[in-house]
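Everything below concerns the one structure shown next.
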Amino acid sequence: MTSTQPDVPDNTAVRTALWRALHTEVDKAPPVLDDTVGLRLADPPAGWRDRGDMHPRGTAGFRASIVARARFIEDLVLAEAAHGTRQYVILGAGLDTFAQRHPEAGEKVTVFEVDQPETQAWKRRRLEDLGYGVPDWLRLVPTNFETDDAWLRQLAAAGFDPARPAVIVSTGVSMYLSKEANAITLRQAAKLAPGSVFAMSFLLPAELLDPADRPGLEMSSKGAAASGTPFVSFFTPDEVTSLAVECGFRTAEHVSGMTLADRYFAGRSDGLRPSTGEDLLIART
């Protein structure tokens with residue numbers, strides 16, 4: 001993720017953290033993902049719940065989509081760890097709080113959070129200030145995504161072993177990069193050890209969305225452009241899975257937002273469901 005100011009996380013990362021906290025606060029129990037740690041890290045000014053992009057009903061679908069993808073990724077990471085994968089890499093980590101909410105994972109997994117140097121310095125300070133600290137099994141890896149495509153070298157310097165399987169995750173990032181930049185990342189990740197998994201979220205073209213969700217995509221696209229981080233890339237499911245195979249992955253699977261909705265939101269008393277528009281690619285070496 002890019003940062004427009006020194007020593008602060010990206011606006012998108014903060015919004016994601018606040019939506020995750022809002023899910024725990026305003027939606028019916030049980031939460032799909034229980035995360036208020038990101039709210040503590042962000043420490044927004046009083047009145048943040050009154051922001052237009054935090055309206056409990058108006059943003060429910062976006063909020064549900066954010067927690068659905070996060071829950072799916074965490075389930076994937078924990079399942080892979082149970083089968084012996086000991087490395088978890090988060091590209092564009094932002095205010096991710098997996099390490100703080102799953103301290104027991106440190107017995108099995110080394111977590112590598114990759115993001116802009118300014119964001120990583122800020123997060124390290126916040127973790128120390130809040131008493132979480134940065135345990136040895138959590139590595140904050142600074143990388144300038146705009147000028148440095150050697151993130152694997154940065155990972156190796158932080159102790160990542162490319163000869164061992166890993167789960168590599170990139171959520172909420174691909175839409176800000178060109179398709180060629182996404183392909184470069186896919187080709188790099190495809191060279192990782194056999195048994196590795198690459199999970200990436202991607203935006204669908206507007207015509208593939210539920211008609212009711214198209215105004216939301218238009219609104220978020222305008223907001224992203226106004227903040228200086230416009231949406232650049234959209235993929236159809238066939239396009240992104242074909243690209244992953246072309247880039248060297250052994251298999252590529254599309255996981256739809258509807259699949260996540262059925263898995264995590266069926267039978268909820270509040271009727272909460274994710275909006276359509278962002279799906280997942282799961283590619284394996």
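The values are calculated or read from the model by the stated rules, or taken from the named source; none is laboratory data. Because the structure is predicted, anything quoted here is derived from the model rather than measured. Don't worry about glycine lacking a Cβ; one is built from the backbone with ideal geometry, like all the others, and counts go over all protein chains shown. We work out accessible area using only protein heavy atoms, side chains counted, and drop any ligands, DNA or RNA first. Shrake-Rupley method; radii C 1.70, N 1.55, O 1.52, S 1.80 Å.
Judged by the mean number of other Cβ atoms found within 10 Å, the most tightly packed of the peptides 112-118, 47-53, 136-142, 80-86 leads the ranking 112-118, 136-142, 80-86, 47-53.
When the chain is treated as a Gaussian network with alpha carbon springs shorter than 10 Å, the biggest mean-square fluctuation among Y88, Y176, Y132 belongs to Y132. Label-to-label distance, D129 versus D75, with points set 7 angstrom from Cα along the beta-carbon direction: 3.6 nm. Around R164, under 14 Å between beta carbons, what's the net of Lys plus Arg minus Asp minus Glu among the other residues? Surrounding charge for R164 is +1.
Surface composition of the stretch 1-82: carbon and sulfur atoms hold 52% of the protein heavy-atom accessible area at a 1.4 Å probe. Just the number please: accessible area per residue for the chain, 1.4 Å probe, all protein chains included, in Å². On a per-residue basis, 45 Å². Listed by chain and number, the lysines whose alpha-carbon sits under 26 Å from that of K108, ignoring those within fewer than 8 places in the same chain, are K123, K191.
In terms of its C-alpha gyration tensor, the stretch 221-285 comes out oblate, because a/c is 1.5 or above while a/b does not outweigh b/c.
Using alpha carbons only, the radius of gyration of the chain set against its Kirkwood radius gives Rg/Rh = 0.93.
Kirkwood radius and radius of gyration were both taken over the C-alpha atoms of the stretch 146-216, and their ratio Rg/Rh is 1.08. Solvent-accessible area assigned to carbon and sulfur over the stretch 90-236 amounts to 55 percent, based on a 1.4 Å probe.
What is the magnitude of the charge dipole of the stretch 129-255 about its Cα centre, with +1 placed on the Cβ of each Lys and Arg, -1 on the Cβ of each Asp and Glu, and no other charges, expressed in debye to the nearest 20?
Numbers: 9 positive and 15 negative charges, 70 e Å.
So the dipole magnitude of the stretch 129-255 works out to roughly 340 debye.
With the biggest extent put first, the Cα atoms of the stretch 175-270 measure 42, 38, 21 Å across the principal axes.
Mean residue ellipticity at 222 nm, helices only, the chain: -12000 deg cm²/dmol; runs of at least 4 DSSP H residues each add -39,500 (n - 2.57), and the sum is divided by the number of residues. Applying 0.36 nm per residue to the separation of T236 and R49 and subtracting their alpha-carbon distance, the gain on full extension is 63.9 nm.
Ordering V173, Y264, F249 by the projection of their Cα atoms onto the charge dipole of the chain, which places +1 on the Cβ of Lys and Arg and -1 on the Cβ of Asp and Glu, puts Y264 at the extreme positive end. Projecting the Cα atoms of A60, H83, V26 onto the charge dipole of the chain (Cβ charges, centred on the Cα centre) puts H83 farthest toward the positive pole.
Annotation: the antiparallel percentage among DSSP beta bridges lying fully within the chain is about 40.
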